[in-house]
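S.K.: What follows is a structure written as C-alpha cells; I'll ask about it next.
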Amino acid sequence: EDKVVQSPLSLVVHEGDTVTLNCSYEVTNFRSLLWYKQEKKAPTFLFMLTSSGIEKKSGRLSSILDKKELFSILNITATQTGDSAIYLCAVAKSNAGNMLTFGGGTRLMVKP
Amino acid sequence: ETGVTQTPRHLVMGMTNKKSLKCEQHLGHNAMYWYKQSAKKPLELMFVYSLEERVENNSVPSRFSPECPNSSHLFLHLHTLQPEDSALYLCASSQEMNSPLHFGNGTRLTVT
C-alpha cells in the first residue's frame with residue numbers, strides 16, 4: 001500500500017526562525033513529489049520534484065528530494081506570520097496519471 | 001482567485017436530501033478532479049476526469065455521482081449521504097494528467 005508520511009504533525013515557531021518540514025514516502029513506480037500550502041481552503045502549488053539532489057527554490061522556500069532514501073524536505077527561512085498554514089506533501093506515480101497520494105500535512109504556526 | 005471556482009461554499013443537508021456541488025475552471029485545463037478532505041485524514045482522491053472522460057473512480061460509494069459535461073465544468077451529485085460524509089470537498093484541475101493541480105476553495109459539507 002502506498003504511504004506518504006509527514007513530520008512533524010504541527011510546529012510553532014517565531015518570526016525569523018527557519019523551519020524544516022519532512023515528507024517520507026513508500027510508493028511503487030514513483031514519478032514525482034509535490035508540495036502544497038493550504039492556508040484556509042484551496043491548497044496552492046509550491047514545488048514539483050522529480051530528480052534527486054536538485055534543489056528547487058522560490059523566495060524563502062526551498063525543497064529537495066532524495067530518491068534513494070525516499071524523502072523530501074521543505075525549508076522555510078526567515079519565517080513570517082503569513083507562512084502559517086498546513087503544508088501538504090503528495091506523491092504521483094508514473095502509471096497513475098495525476099492520482100496523487102497525500103500525506104497528512106504539517107500544521108505550521110508562525111508567531112509574531 | 002484560484003481560477004477554479006466552487007459553489008456553494010457551504011452546504012448543510014439532511015440524509016434524505018439530494019444536492020449537487022459545482023466546480024468551474026477558467027484555466028483551459030484538460031483534467032478535473034474531486035478530492036475529499038476530512039478532519040484528521042489526508043486528502044483523498046474521489047474522481048478524475050480527463051477530456052471529459054472518467055479515468056478513475058477511487059472506490060467511492062454510489063451515493064456520490066460525478067458528472068463532467070465539458071472540460072470546464074464538473075459536478076458532484078449527492079444523495080442519501082451519511083453524517084460521516086461531512087467534509088471539505090475540493091475540486092482541482094490540471095493542464096495535463098502529469099501537471100500540478102490547481103485547487104478551488106472547496107465546499108464545506110455538513111450532513112445532519
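Read-outs: derived from the displayed coordinates by stated rules, not from any lab. Since the structure is predicted, the reported quantities are computational estimates derived from the model, not experimental observations. A quick note on method: Cβ atoms are made from the backbone with ideal geometry, for glycine too, and the neighbour counts reach across all protein chains shown.
S.K.: Anyone know which of A:Thr50, A:Thr101, A:Thr28 comes out most mobile in the 10 Å Cα GNM of chain A?
M.R.: Among A:Thr50, A:Thr101, A:Thr28, the largest GNM mean-square fluctuation belongs to A:Thr28.
S.K.: How big is D, in µm² s⁻¹, for region A:35-112 by Stokes-Einstein at 10 °C and 1.306 mPa s if Rh is the Kirkwood radius over C-alpha pairs?
M.R.: 118
S.K.: In what sequence, highest mean first, do B:94-101, A:42-49, B:37-44 appear when ranked by Cβ atoms within 10 angstrom?
M.R.: Peptide ranking by packing, descending: A:42-49, B:94-101, B:37-44.
S.K.: Too long at a 21 Å Cα-Cα cut-off: which of A:Lys41/B:Lys36; A:Lys40/B:Lys22; A:Lys68/B:Lys40; A:Lys3/A:Lys111; B:Lys19/B:Lys40?
M.R.: A:Lys68/B:Lys40; A:Lys3/A:Lys111; B:Lys19/B:Lys40
S.K.: For A:Arg60 and A:Ser94, compute 0.36 nm times the residue count separating them, minus their Cα-Cα distance, and round to one decimal in nm.
M.R.: Contour length minus the Cα-Cα distance gives 9.3 nm.
S.K.: Taking the simple approach of a point 7 Å from Cα along Cα-to-Cβ for both B:Asn70 and A:Lys67, what is their distance in nm?
M.R.: So the two model labels end up 4.0 nm from each other.
S.K.: With just the Cα atoms of the protein assembly as shown, tell me how far they stretch along each of the three principal axes, in Å, largest first.
M.R.: 49, 39, 33
S.K.: Find the Cα radius of gyration of region B:37-112, compare it with 2.2 N^0.38 Å by division, and give the number to two decimals.
M.R.: The value comes to 1.11.
S.K.: Another question about this same structure. If a/c stays under 1.5 just call it rounded; otherwise compare a/b with b/c (prolate if a/b is bigger, oblate if not). Do that for region A:1-53, with a ≥ b ≥ c from the square roots of the Cα gyration tensor eigenvalues.
M.R.: Verdict is prolate for region A:1-53.
S.K.: To continue, here is another question. Between region B:53-112 and region B:6-30, what is the separation of their alpha carbon centroids in Å?
M.R.: 8
S.K.: Moving on. Starting from the Cα of B:Lys18, step 7 Å along the direction of its Cβ; do the same at B:Glu53; then give the gap between the two resulting points in nm.
M.R.: 2.9
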